[in-house]
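Asker: Before we start, here is the structure in question, set down as structure tokens.
The values are calculated or read from the model by the stated rules, or taken from the named source; none is laboratory data. All of these numbers come straight from a predicted model, not from anything done at the bench. As a convention, Cβ positions derive from the backbone with ideal geometry for all residues, glycine included, and neighbour counts pool all protein chains shown.
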Amino acid sequence: MRWIIALHNRTPLFLKVLGANGFLVVVGALGGYAIARFGLESQDVLIFVALGLVCSLGINFFMLRIAFGPLFRLQQVMEAVRAGDFTARCPVIPGDPDVHRLTETFNLMLDQLNAYRQQVASQILRALEEERKRIARELHDETSQALTSIVISLEMMEQSLAGQESLAERVRSIREYTLQTLEEIRRLTYDLRPSILDDLGLVPAIRWYLRHRVAEAGLQTELQVDPELEALRLPEEVEVSLFRIIQEALTNVRKHSQATSAKVRLWAEPGKIRARVEDNGKGFVLQEALRQDPRGRGLGLVGMRERAALAGAQLRIDSAPGRGTVVELEVPFHGSRTEDSGALGR
């Protein structure tokens with residue numbers, strides 16, 4: 001029995017199929033010779049032909065099913081990768097040296113493509129964050145200060161226009177409009193790059209965002225954080241990626257879910273940090289949403305997945321009509337609690 005398994009593992013797929021069909025041809029030829037030699041009845045000939053056909057189909061089905069089994073598994077992995085699971089790999093299955101080499105080559109190609117994709121995504125996202133930081137700094141240092149000076153000048157002008165109510169009213173209107181513009185620029189500056197994330201870390205930034213963005217939209221908010229995570233500082237790329245994913249999930253809650261409440265939870269487990277964003281909105285069917293918007297631009301799914309991959313995180317989105325949406329993140333982390341922002345590779 002062992003020599004049969006060893007022969008099966010060493011024999012290429014081509015030779016297996018060729019051997020099976022050659023065996024059937026030989027048997028058929030011997031059967032035809034027997035019919036001609038012994039002069040079988042026509043009924044016996046039909047039975048012989050029927051049995052030969054059944055045996056031929058059965059042996060071919062059995063041999064091809066075994067031989068192409070690894071290729072079927074390879075196809076399943078390809079479908080998983082196409083669907084966005086870049087961690088999927090084809091198991092190395094013995095049984096055919098050619099398929100074994102194909103599987104190894106395919107897995108190696110996926111590893112190299114994944115490494116290249118993460119490297120490119122890391123460079124793009126890092127450049128994006130640097131550009132966000134630069135624009136936010138210029139808006140804060142230049143535009144905001146200029147608008148603040150204009151507001152002060154308008155206040156002084158308004159005070160000097162005592163007795164000229166129509167002109168004073170016009171100046172007051174301009175001042176209020178300028179104040180609104182200044183407030184919008186401050187909001188934009190925070191959305192571009194929240195300074196609190198750089199200064200205080202992930203948890204304070206999420207708490208600020210819930211209070212000043214989500215709650216202001218009329219939603220009830222709740223934040224649950226393990227005490228050990230309150231002052232924990234992660235590597236910058238991990239913190240930024242986590243914040244952006246949570247921010248995108250909360251943006252979806254505000255804009256698309258029609259929810260009345262949103263809850264964010266952060267907790268630590270051995271070797272990892274987990275995050276969960278949950279709402280009580282209308283929910284959606286993820287596959288249908290992706291079919292309608294294959295790149296996930298409407299829900300920011302591509303950006304969330306890329307940032308999760310950059311942080312080495314596992315991202316899961318669970319939603320269904322009528323029962324809200326849950327976004328879960330699982331980030332590998334091996335470190336100790338610290339209040340030093342530079343202690344973990346800053």
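Asker: On the given criteria, is residue 188 under 21 Å from residue 125 (Cα atoms), loosely packed, with under 15 Cβ neighbours inside 10 Å and not hydroxyl-bearing (Ser, Thr, Tyr)?
Answerer: Here the answer is yes, as residue 188 does meet what is asked.
Asker: Which members of the range 198-212 meet the condition of being surrounded by 15 or more Cβ atoms within 10 Å (Cβ to Cβ), at negative phi, at pLDDT 85 or above and not aromatic (Phe, Trp, Tyr)?
Answerer: Result: 200, 202, 203, 204, 205, 206, 207, 210.
Asker: List the helices (runs of 4 or more DSSP H) that sit entirely inside the range 5-88 and contain at least 3 residues that are at pLDDT 70 or above and farther than 30 Å from residue 302 by Cα.
Answerer: Answer list for the range 5-88: 13-38, 42-67.
Asker: Identify, by number, the condition in (1) among the polar types (S, T, N, Q); (2) farther than 30 Å from residue 260 by Cβ; (3) surrounded by fewer than 15 Cβ atoms within 10 Å (Cβ to Cβ) that residue 224 doesn't meet.
Answerer: (2)
Asker: Hey, another quick one. Which numbered condition in (1) in contact (Cβ under 8 Å) with a residue 24 or more places away in the chain; (2) surrounded by fewer than 16 Cβ atoms within 10 Å (Cβ to Cβ); (3) closer than 30 Å to residue 154 by Cα is the only one that residue 180 fails?
Answerer: Of everything listed in (1) in contact (Cβ under 8 Å) with a residue 24 or more places away in the chain; (2) surrounded by fewer than 16 Cβ atoms within 10 Å (Cβ to Cβ); (3) closer than 30 Å to residue 154 by Cα, residue 180 misses just condition (1).
Asker: Another question about this same structure. Could you grab me the full set of residues in the range 230-239 that are over 16 Å from the mean Cα position of the chain (by Cα) and closer than 20 Å to residue 306 by Cβ?
Answerer: 234, 235, 236, 237, 239
Asker: Also, quick follow-up: Could we say that residue 136 is assigned to a loop (DSSP other than H, G, I, E, B) and either free of Cβ contacts under 8 Å to residues at least 40 places away in the same chain or under 26 Å from residue 309 (Cα atoms) (or both) here?
Answerer: no
Asker: Sort through 163, 52 and tell me the only one that's under 30 Å from residue 20 (Cβ atoms) and not assigned by TED's automatic domain parsing to the domain that holds residue 235.
Answerer: 52
Asker: Let me ask you something else. For the range 167-179, check the following and say yes or no: at least one residue is closer than 30 Å to residue 123 by Cβ and at pLDDT below 90.
Answerer: no
Conditions (1) within 22 Å of residue 302 (Cα to Cα); (2) in contact with a Ser or Thr (Cβ under 8 Å, 6 or more places away or on another chain); (3) at pLDDT below 85; (4) of a type outside the set (Ser, Thr, Tyr), marked per residue:
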residue	(1), (2), (3), (4)
247	yes, no, no, yes
250	yes, no, no, yes
265	no, no, no, yes
276	yes, no, no, yes
279	yes, yes, no, yes
283	yes, yes, no, yes
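Asker: Among the residues of the range 113-124, is any farther than 30 Å from residue 89 by Cα, modelled with pLDDT of 80 or more and part of a helix (DSSP H, G or I)?
Answerer: Checked against the condition, which is being farther than 30 Å from residue 89 by Cα, modelled with pLDDT of 80 or more and part of a helix (DSSP H, G or I), the range 113-124 yields no hits at all.
Asker: For the range 189-213, give me each residue that is over 26 Å from the mean Cα position of the chain (by Cα) and closer than 24 Å to residue 281 by Cα.
Answerer: If the condition is that a residue be over 26 Å from the mean Cα position of the chain (by Cα) and closer than 24 Å to residue 281 by Cα, then 211, 212 are the ones that fit.
Asker: Among the residues of the range 256-288, how many are of a type in the set (A, V, I, L, M, F, W, C), closer than 16 Å to residue 316 by Cβ and touching a residue at least 60 places away in the same chain (Cβ under 8 Å)?
Answerer: Number satisfying all stated conditions: 2.
Asker: Next up: Do we find that residue 216 is in a helix (DSSP H, G or I) and either surrounded by fewer than 21 Cβ atoms within 10 Å (Cβ to Cβ) or more than 21 Å from the chain's Cα centre (by Cα) (or both) in this structure?
Answerer: Spelling it out, residue 216 is indeed in a helix (DSSP H, G or I) and either surrounded by fewer than 21 Cβ atoms within 10 Å (Cβ to Cβ) or more than 21 Å from the chain's Cα centre (by Cα) (or both).
Asker: Then there is this: From 143, 148, 221, 181, grab the single residue that is hydroxyl-bearing (Ser, Thr, Tyr) and either in the same structural domain as residue 264 (by TED's automatic domain parsing) or closer than 29 Å to residue 235 by Cβ (or both).
Answerer: 221
Asker: Does residue 310 qualify as being at pLDDT below 75, crowded, with 19+ Cβ neighbours inside 10 Å and under 16 Å from residue 246 (Cβ atoms)?
Answerer: It is true that residue 310 is at pLDDT below 75, crowded, with 19+ Cβ neighbours inside 10 Å and under 16 Å from residue 246 (Cβ atoms).
Asker: Going by what's in this entry, would residue 99 be described as β-branched (Val, Ile, Thr), closer than 30 Å to residue 80 by Cβ and in contact with a Pro (Cβ under 6 Å, 6 or more places away or on another chain)?
Answerer: yes
Asker: Which ones in the range 139-177 are more than 30 Å from residue 195 (Cα to Cα) and either surrounded by fewer than 11 Cβ atoms within 10 Å (Cβ to Cβ) or hydrophobic (A, V, I, L, M, F, W, C) (or both)?
Answerer: Within the range 139-177, 156, 157, 159, 160, 161, 162, 163, 165, 166, 167, 168, 171 meet the criteria.
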